[in-house]
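The values are calculated or read from the model by the stated rules, or taken from the named source; none is laboratory data. Treat the numbers as computed from the prediction; the structure is a model and nothing was measured. Here the Cβ is made from the backbone with ideal geometry for all residues, glycine too, and neighbour counts use every protein chain on show. Accessible surface is based on the protein model in full, side chains and every heavy atom, while ligands, DNA and RNA are left aside. Shrake-Rupley method; radii C 1.70, N 1.55, O 1.52, S 1.80 Å.
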Amino acid sequence: MVHAVDTRRSVPETGGHYPADTDLSSMTDALFDPFTLRETTIPNRIALSPMCQYSAKEGVATDWHRVHLGTRAVGGAGLVMTEATAVEPRGRITPDCLGIWSDEHAAALEPIVSFVKSQGAVPAIQLAHAGRKGSHAPPSAGGHALPVDHKDGWETYSATDAPYPGEETAATSRMDEDDIAALIEAFTDAAVRSLEAGFEVAEVHAAHGYLLHQFLSPVTNDREDDYGGSFENRTRIVCEVVEAVRAVWPDDKPVFVRISATDWLPDRESWDVDDSVRLAPLLAEAGTDLIDVSGGGIHPDQQLPNAGPGYQVPYAEAIREATDIPVAAVGKVTEPAHADALVRNGRTDLVALGRELLRNPYWPLEAAHELGVDVEWPVQYRRGRFE
Ligand SMILES: Cc1cc2nc3c(=O)[nH]c(=O)nc-3n(C[C@H](O)[C@H](O)[C@H](O)COP(=O)(O)O)c2cc1C
């Protein structure tokens, strides 16, 4: 193990502050240390977790994306990731979701990416396909499924022809092998466009019950062909997608994959943490440099664990410990000392923040102050530095 937990100094993970005489500089791998994957260096361990903004026009990024992503870069996040960005129109969750299926989409993202880089952050794109969880109204309009004959709806496809439970009005169709080949091509084309737009990290979204997860999980994969049944068959498509993205993604730039480590369905045959640990080396072999570890989303019966601070961290830690593959952990991390301790204690390589960065885009700058770390502020904001 490169990052054995017991070789490093343990620090408390429940918040609170270090004693004034703590010499933080003597510790290794802390929240504000850079992290290099391939030849790409992320300046610190804080990532903006992908979050749908429902603010695109026909999949094209708008001023909202410029401000949303740009502000988090100004705020000091080391990695700034887009929301789920559809590789084809029917891969969107809602009509207002972001996409990258044409040059126009890439061109709209390019100045945003350029600004993110100007702030020293590494720009990342989450490449996604919603499968049977596509064709929905945005949350602000109710979030319900839009049937195919609805003016804003479209036909979805999936690993299965069974619709999402409770959404029987929105029929889905089972992908055949031609559909699968076309999907892999769509991911490949999207990666090429992402590169043209300037992104430095491509993340394949295989979590939260979306299309690739629909193949991974036995809850949704009822196929009898080479893409269903056995573990090897169910994981085939995600490995093929990663291989295809890796083939066009430069050697010096990392590819991430986001997975749901567990379906949270202990009462039935489902995807669980052991499956994730088994999948991780296959993903690495396909060209994955980091696994972004989330949970759930495949079925409405899921039993969420008691969602306290860092509730999903044990999944990331399990994968990291068993496989030595770098991970990002996510889930209700809000306290600087907690985030710092997760890195210091070797439980994760990156800490992804979602809702906390919605509340406070300047969280990284504030966290650095709270932890006593001297970080560069944007020159325009230096007068706002803590005294
Ligand atoms: C508004 C919102 C939109 C989200 N959209 C995405 C998404 O596009 N892709 C994704 O992988 N996760 C998405 N998530 C999940 C977050 O990335 C993150 O994993 C989750 O919010 C847990 O982290 P947190 O407790 O720090 O918010 C979304 C979460 C929120 C709150």
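Overview of values
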quantity: Stokes-Einstein translational diffusion, the stretch 121-223 - Kirkwood Rh over all Cα pairs, 1.567 mPa s, 4 °C, in µm²/s; calculated: 88 µm²/s
quantity: Contact order normalised by residue count of the chain, Cα under 8 Å, 6+ apart, percent; calculated: 18 percent
quantity: Normalised alpha carbon radius of gyration of the chain [divisor 2.2 N^0.38 Å]; calculated: 0.95
quantity: Amide proton proximity set for PHE35, modelled H, under 5 Å, gap of 5+; calculated: ILE42, ASN44
quantity: In Å, descending, principal axis extents of the Cα set of the stretch 232-345; calculated: 39, 36, 22
quantity: Per residue accessible area in Å² of the chain, where ligands, DNA and RNA are left out and the probe is 1.4 Å; calculated: 40 Å²
quantity: Solvent accessible area, Å² - GLU370, 1.4 Å probe, full protein context; calculated: 80 Å²
quantity: Convex hull of the stretch 347-387 built on C-alpha atoms - directionally averaged projected area, nm²; calculated: 3.8 nm²
quantity: DSSP-loop GluC sites (Glu not before Pro) across the stretch 144-191, with at most 11 other Cβ within 10 angstrom; calculated: GLU168
quantity: Karplus-derived 3J(HN,Hα), 6.51/-1.76/1.60, for each residue of the stretch 334-349, Hz, glycine and proline x; calculated: 10, 9, x, 5, 5, 4, 4, 5, 4, 6, 4, 7, x, 8, 7, 9
quantity: Contact order relative to length of the stretch 297-386, as percent, for alpha carbon pairs under 8 angstrom and 6 or more apart; calculated: 22 percent
quantity: Low-density loop cleavage sites - GluC sites (Glu not before Pro) in the stretch 194-225, where at most 12 other Cβ are within 10 Å (DSSP); calculated: GLU224
quantity: Area accessible to solvent at TYR362, 1.4 Å probe radius, in Å²; calculated: 70 Å²
quantity: Radius of gyration and maximum dimension Dmax of the stretch 70-166, Cα, Å; calculated: 15.7, 46
quantity: Top positive-direction residue, dipole computed over the chain with Cβ charges, set GLY76, PRO305, HIS205; calculated: GLY76
quantity: Sorted peptide list for 274-285, 337-348, 143-154, criterion being average Cβ within 10 angstrom, highest first; calculated: 337-348, 274-285, 143-154
quantity: Rg ratio (alpha-carbon, reference 2.2 N^0.38 Å) - the stretch 100-145; calculated: 1.56
quantity: Within the accessible area of the chain (1.4 Å probe), percent carbon and sulfur; calculated: 48 percent
quantity: Using θ = phi - 60° and Karplus 6.51 cos²θ - 1.76 cosθ + 1.60, couplings along the stretch 60-67 (whole Hz; Gly, Pro as x); calculated: 8, 5, 10, 4, 4, 5, 4, 6
quantity: Mean-position separation - Cα centroids, the stretch 76-143 and the stretch 210-286, in angstrom; calculated: 21 Å
